[in-house]
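First up is the structure itself, then whatever we jot down about it.
The values are calculated or read from the model by the stated rules, or taken from the named source; none is laboratory data. Quantities reported herein were computed from a predicted structural model and do not represent experimental measurements. Glycine gets a Cβ as well: all are built from the backbone with ideal geometry, and neighbour counts include every protein chain shown. The protein model used for the area step is the full one, side chains on, heavy atoms only, and it has no ligands, DNA or RNA in it. Shrake-Rupley method; radii C 1.70, N 1.55, O 1.52, S 1.80 Å.
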Amino acid sequence: MALPLVAALAGGGGGGVGAPSGGVPVLFCFSVFARPSSVPHGAGYELLIQKFLSLYGDQLDMHRKFVVQLFAEEWGQYVDLPKGFTVSERCKLRLVPLQIQLTTLGNLTPPSTVFFCCDMQERFRPAIKYFGDIISVGQRLLQGARILGIPVIVTEQYPKGLGSTVQEIDLTGVKLVLPKTKFSMVLPEVEAALAEIPGVRSVVLFGVETHVCIQQTALELVGRGIEVHIVADATSSRSMMDRMFALERLARTGIIVTTSEAVLLQLVADKDHPKFKEIQNLIKASAPESGLLSKV
């Protein structure tokens, strides 16, 4: 009974520690820790998972799989939680990490994908390496999103001081354009917008700067159980060293570092897709490689 750690991690913390205050007493064990708490009579698997996350969420590696086990007196050891188990009496449970890592497959489909365009603003133009190239690739991605009906969320970092999104980026039809001061794009309004889109599984992320807003956005999204694809030919920084090490770090966490052409062709998946010709026209000319290629 494997437990992928997904959006429930957002409820992590240390609540519930101490003596049980009501319901059925349960001892929740993880690693070397054991914390007494309680759950309502008849609580099932999902509620038990939520309780484990509320107690130990800040210590769990979201890229691992886990099983929940019940201490069986008749055997004198823990056994995998029986199917359909509900809490009816005092018991002891533990969360056990498996030794395998979750494999990120990286499958993209239009109904489960959202594009995030991060801070492609006028004041960054003279400072960001190869900014003109990533603008052209970003515009290509937004055209692809319009063709395929994929929602787009755009942020602007402190636009009062740094200006609006560059004119070359056509924001026609985007779902949301938000100002921000937080580096991550994961704002309450963005989370609300994602909640309105049924079945969102993947975010295609691009913009600036790779080692700041892109990195922090990617990590927050993964922490909420969303698969992230960073478009390498549509993201840059002021420093190529910062960009290179950010992409390396993110790839090691299971985030997918990819290219604009790979993303667009994966989304159509078949030459018989009704929008294939339109996407093909977008990518007939290869995306500019500039100085980004050797620095990924």
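For the reader, a short list of remarks on this structure follows.
- Within segment 227-249, being of a type in the set (A, V, I, L, M) and farther than 19 Å from A262 by Cβ holds for M240, M241, M244, A246.
- Among residues of segment 48-92, those that are part of a strand (DSSP E or B), aliphatic (A, V, I, L, M) and modelled with pLDDT of 90 or more, counted: 4
Conditions tested, residue by residue: (1) touching a strand residue (DSSP E or B) at 6+ places or on another chain (Cβ under 9 Å); (2) open to solvent by less than 20 Å² (accessible area, probe 1.4 Å); (3) outside any strand (DSSP E or B).
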residue: T235; (1), (2), (3): yes, yes, no
residue: L250; (1), (2), (3): yes, yes, yes
residue: V263; (1), (2), (3): yes, yes, yes
residue: L267; (1), (2), (3): yes, yes, yes
residue: L282; (1), (2), (3): no, no, yes
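- Extreme residue, least open to solvent (accessible area, probe 1.4 Å), among residues of segment 284-296 that are over 18 Å from Q139 (Cβ atoms) and assigned to a loop (DSSP other than H, G, I, E, B): G291
- Boolean, F115 is at pLDDT 95 or above, open to solvent by less than 50 Å² (accessible area, probe 1.4 Å) and either farther than 30 Å from V32 by Cα or not hydroxyl-bearing (S, T, Y) (or both): yes
- Qualifying residues in segment 140-170 (those that are small (G, A, S) and surrounded by fewer than 22 Cβ atoms within 10 Å (Cβ to Cβ)) - the one farthest from T217 (Cα to Cα): G149
- Looking only at segment 171-182, and only at residues there that are surrounded by fewer than 19 Cβ atoms within 10 Å (Cβ to Cβ) and of a type in the set (K, R), the one that is farthest from A193 (Cα to Cα): K182
- With respect to the conditions (1) touching a Lys or Arg at 6+ places or on another chain (Cβ under 6 Å); (2) surrounded by 17 or more Cβ atoms within 10 Å (Cβ to Cβ), V137 falls short on a single one, namely (1).
- The number of residues in segment 183-224 being open to solvent by 80 Å² or more (accessible area, probe 1.4 Å) and in a loop (DSSP other than H, G, I, E, B) comes to 4.
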